[in-house]
Amino acid sequence: MIDPPYPLFYTFNFYLFGVIALASSLAFVTRKSPIAAALWLVNTMFALAALYVMLDAHFIAAIQVLVYAGAIMVVFLFVIMLLNLGHPSEVADVRGKWGKAAAAVLGVILLAQIAVMSGSRVRPEWILPRGEMDRLLAEKGAIGVVADPLFTNYLLAFELTSVLLLIAIVGAVTLGRRSDVAAEATTGESVSAG
Amino acid sequence: MLAEALALSAALFTIGVVGVLIRRNAIIIFMCVELMLNAVNLSFVALSRYYGADGQVFVFFVMTVAAAEAAVGLAIIISIFRHRKTVNLQNINLLRG
């Protein structure tokens, strides 16, 4: 990212992708069909990836497109297809009057809290010196900037992540199994008639 | 651009919360949670510009947790759908007394 004052081109693109992200997320929560909602969410994620690039997080932007928009959303679409939920359901999906009122009140409270918090100031010694991040990016490259702390300061957390993923795999396989198969496995009987 | 990015992040998070509250489809509620995680990621990335690259490492971990959560959560939804033939949360009231 360029230090202020920002060029017009940069500011324009930043606002453009911000508005795209905001509009797609609004479309996402208001669509009735789950497929349309999922595709609007993918659009939001692409706009966010563009914002990451503009904020100098190139590697995170690539991961956002590959993992979030690619892998996770494909799993969502796959489940929607598997459960045959592609059509808007006959039952009213959106909650009634009281649910909407509660959501509106909570949303306003949340925004007010964030507005109050935005008035707070951080300690100046926490802020990197001007141009420090540019120097790091030029020295290590976009991936090195992330990889360096990941494999030194956060190595333990990184290794624990693999345990988390293993548990998630085991949990997903156990939950996703059909119940008759699971019953056979617990009683220890082998399948005799196929 | 830090203030704009944080404001966008706050707006996206609020949209996610409102989505969780007004929808009844379990899969859409689940996607709203993903939207909230994305909003948090945006503020991490925006702040990492000023406070060092550690924020980007946290985004990495958040994405890992989101992937694990999506796998387990969708397995739970499939398993509920097998029993109740619906993903509408109004009909899933097993814990109600």
(request) Rounded to the nearest 10 degrees, what's the angle between the helix A:155-176 long axis and the longest principal axis of chain A, both from Cα atoms, 0 to 90? (result) 30
(request) Collect residues whose amide H, placed 1.01 Å from N in the peptide plane, falls under 5 Å from the amide H of B:ARG23; neighbours closer than 5 in sequence don't count. (result) A:ARG95
(message) Once you order the gyration tensor axes a ≥ b ≥ c over the Cα atoms, which shape class does the protein assembly as shown get: rounded for a/c under 1.5, otherwise prolate or oblate by comparing a/b with b/c?
(response) oblate
(request) Excluding residues fewer than 8 places away in the same chain, name every one of the lysines whose C-alpha is closer than 29 Å to that of A:LYS32. (result) A:LYS97, A:LYS100, B:LYS85
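So what's the back-of-envelope 222 nm ellipticity for chain A, counting only DSSP H runs of four-plus at -39500 (n - 2.57) apiece and dividing by all residues, rounded to 500?
Details: 8 runs with 131 residues, N = 194.
Helices in chain A give a 222 nm mean residue ellipticity of -22500 deg cm²/dmol.
Return the average number of partner chain Cβ atoms within 10 angstrom of each residue Cβ along peptide A:10-20. Mind showing how you got there, number by number?
Details: counts 1, 2, 0, 0, 4, 3, 0, 1, 8, 1, 0.
Mean inter-chain Cβ contacts per residue within 10 Å come to 2.
Expressed as a rounded percentage, what relative contact order does chain B have, with Cα pairs under 8 Å and six or more residues apart?
Working: 73 pairs, mean separation 27.8, N = 97.
Relative contact order comes out at 29 percent.
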(request) Can you bin region A:18-114 into rounded, prolate or oblate? Criterion: square roots of the alpha carbon gyration tensor eigenvalues sorted a ≥ b ≥ c, rounded for a/c under 1.5, prolate for a/b above b/c, oblate for the rest. (result) oblate
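Where a ≥ b ≥ c are the square roots of the eigenvalues of the C-alpha gyration tensor, would you call region B:2-84 rounded, which needs a/c under 1.5, or, failing that, prolate if a/b is larger than b/c, or oblate?
oblate
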(message) Compute the helix-to-body angle for A:34-54: its Cα long axis versus the longest principal axis of chain A, expressed 0 to 90° and rounded to tens.
(response) 30
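Under the definition of partner shielding as Cβ atoms of other protein chains within 10 Å of a residue Cβ, what is the mean value for peptide A:133-145?
Values: counts 6, 1, 0, 2, 1, 0, 0, 1, 0, 1, 0, 1, 5.
Per-residue shielding by partner chains comes out at 1.
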(message) Compute the helix-to-body angle for A:73-82: its Cα long axis versus the longest principal axis of chain A, expressed 0 to 90° and rounded to tens.
(response) 20
(request) Give a residue-ordered list of calculated ³J(HN,Hα) values for region A:94-109 (Karplus: 6.51 cos²θ - 1.76 cosθ + 1.60, θ = phi - 60°; whole Hz; x for Gly, Pro). (result) 7, 5, x, 4, 5, x, 5, 5, 4, 5, 5, 4, 5, x, 5, 4
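May I ask for the longest run of chain A untouched by GluC sites (Glu not before Pro) that are loop-located per DSSP and have at most 10 neighbouring C-beta atoms (other than their own) within 10 Å? Walk me through the intermediate numbers first.
On the way: sites that count: A:GLU90, A:GLU189.
Counting only loop sites that pass the neighbour cut-off, the longest clear stretch is A:91-188.
Just so you know, all these numbers are worked out from the coordinates, no wet-lab data involved. No experiment lies behind these values; they were computed from the predicted model shown. Here Cβ is always computed from backbone atoms with ideal geometry, including for glycine, and neighbour counts include all displayed protein chains.
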